Amino acid sequence: ALLHERNPGNLKDEWAKIDPSFVPALYLQFFKHVISTMRRSGHGGTIISFPAGMEPLVVRDNSYIDLKYRFAEHGARKQLKKTVLQIMEVLAKNCGKLYGPGYHAGWKDYVSLQIEDLAQLDERIFKFARFIARLTGVDGAVVTTEGLELIGFGGIIQGTMEMGGSVALALDPEASRRQVELVESVGTRHRSLYYLCHKLPDVLGIIVSQDGKARVVTWSRDMVTCWDVIPIDFT
């Protein structure tokens with residue numbers, strides 16, 4: 001959002017504002033598409049999102065994850081961020097013309113605006129989602145950041161949660177209701193992700209099993225917490 005606000009194209013302050021909830025909503029739809037594509041592939045996989053600011057640590061050798069393949073700083077690594085910024089620009093320009101510069105453009109505008117430029121950018125977003133889903137077919141995790149950068153793939157987590165440990169299974173979106181689940185009930189891929197989220201509480205992981213079951217994993221309140229993801233299919 002800050003990069004969008006600094007866009008030099010809005011010299012006359014004619015663009016609409018972008019609602020702060022827009023980028024998280026777009027990112028959520030992006031990952032829903034990734035998960036749906038991974039489910040259909042049947043091979044399973046893991047995606048790990050590191051917090052903004054941790055890119056320098058992740059791209060170097062570190063004690064948390066070993067990345068077999070790293071993307072160069074320019075190119076695929078920043079493609080998603082670049083596309084999101086272009087979407088925000090098109091949205092701000094067109095909503096500014098329609099409703100004035102005081103308007104806050106959001107998700108409903110993105111869905112309802114019938115603009116060729118926006119349709120092409122939307123398709124680019126979901127092509128990139130399918131690209132990431134295919135990368136999960138390689139042994140190891142795909143690593144991204146919450147700053148919308150694709151760092152690399154083939155990531156091997158350095159360590160696993162010890163047998164006998166436990167995580168919380170959330171029963172609602174806020175994890176206000178949850179039940180304890182023993183880690184010995186899951187395989188090594190799950191236990192490795194649990195371990196990473198225990199060591200780095202700001203990390204968020206998505207794991208899809210070969211049978212299509214998907215979980216979101218992160219640290220919440222006092223322990224590693226998981227959410228089972230309801231199947232969603234995209235045409």
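The values are calculated or read from the model by the stated rules, or taken from the named source; none is laboratory data. Just so it is clear, the structure is predicted and the values come from calculations on it, not from any experiment. Counting neighbours? That spans all protein chains shown, and the Cβs are built from the backbone with ideal geometry, glycine included. What goes into the accessible areas is simple: the full protein's heavy atoms, side chains included, and nothing from ligands, DNA or RNA. Shrake-Rupley method; radii C 1.70, N 1.55, O 1.52, S 1.80 Å.
In the range 48-84, how many are of a type in the set (A, V, I, L, M) and crowded, with 17+ Cβ neighbours inside 10 Å?
So the count comes out to 8.
For the structure I just gave you, tell me whether R39 is closer than 26 Å to V229 by Cα, within 18 Å of the chain's Cα centre (by Cα), touching a residue at least 24 places away in the same chain (Cβ under 8 Å) and open to solvent by 10 Å² or more (accessible area, probe 1.4 Å).
Judged against the criteria, R39 is a match.
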Item to complete: Tell me, yes or no, whether the range 124-142 has at least one residue that is surrounded by 15 or more Cβ atoms within 10 Å (Cβ to Cβ), assigned to a strand (DSSP E or B) and of a type outside the set (D, E, K, R).
Response: yes
Discussion item. Anything in the range 39-58 that is within 17 Å of L135 (Cα to Cα) and at pLDDT below 90? List them, or say none.
Written reply: R39, R40, S41, G42, H43, G44
Practice prompt. With respect to K12, determine if the residue is among the basic types (K, R), within 20 Å of the chain's Cα centre (by Cα), at pLDDT below 90 and open to solvent by 40 Å² or more (accessible area, probe 1.4 Å).
Written response: no
Discussion item. Given the options E116, E149, name the one that is of a type outside the set (A, V, I, L, M, F, W, C) and within 21 Å of the chain's Cα centre (by Cα).
Written reply: E149
Item to complete: Would you point out which residue out of Y64, Y103 is closer than 24 Å to F153 by Cβ, of a type in the set (S, T, Y) and more than 18 Å from the chain's Cα centre (by Cα)?
Response: Y64
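If we only count strands (runs of 3 or more DSSP E) wholly inside the range 143-235, which ones have 1 or more residues that are within 18 Å of I65 (Cβ to Cβ) and of a type in the set (S, T, N, Q)?
Working: elements: 150-157, 166-170, 178-182, 204-208, 214-220, 223-229.
Qualifying strands (runs of 3 or more DSSP E): 214-220.
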Worksheet entry | Scan of the range 15-36 for residues that are assigned to a strand (DSSP E or B) and surrounded by fewer than 19 Cβ atoms within 10 Å (Cβ to Cβ), ordered by number | K17
Worksheet, complete the sentence: All conditions in (1) open to solvent by 20 Å² or more (accessible area, probe 1.4 Å); (2) within 21 Å of I35 (Cα to Cα); (3) not aliphatic (A, V, I, L, M) are true of G154 except (1)
Response to the item:
Selection from the range 212-227 of residues in contact (Cβ under 8 Å) with a residue 24 or more places away in the chain and surrounded by fewer than 14 Cβ atoms within 10 Å (Cβ to Cβ) yields R221
Fill in: Close pairs (7 angstrom Cβ cut-off, 6 or more residues apart or separate chains): touching a residue at least 60 places away in the same chain (Cβ under 8 Å) in the range 167-189, of a type outside the set (D, E, K, R) anywhere
R189/T46; R189/I207
Worksheet item: Within the range 86-123, which residues are within 16 Å of V23 (Cβ to Cβ), in contact (Cβ under 8 Å) with a residue 40 or more places away in the chain and surrounded by fewer than 18 Cβ atoms within 10 Å (Cβ to Cβ)?
Response: H104, W107
Worksheet item: Which residues, counting only those in the range 157-194, are open to solvent by less than 60 Å² (accessible area, probe 1.4 Å), under 18 Å from R221 (Cα atoms) and under 22 Å from the mean Cα position of the chain (by Cα)?
Response: V167, A168, L169, A170, D172, A175, L193, Y194
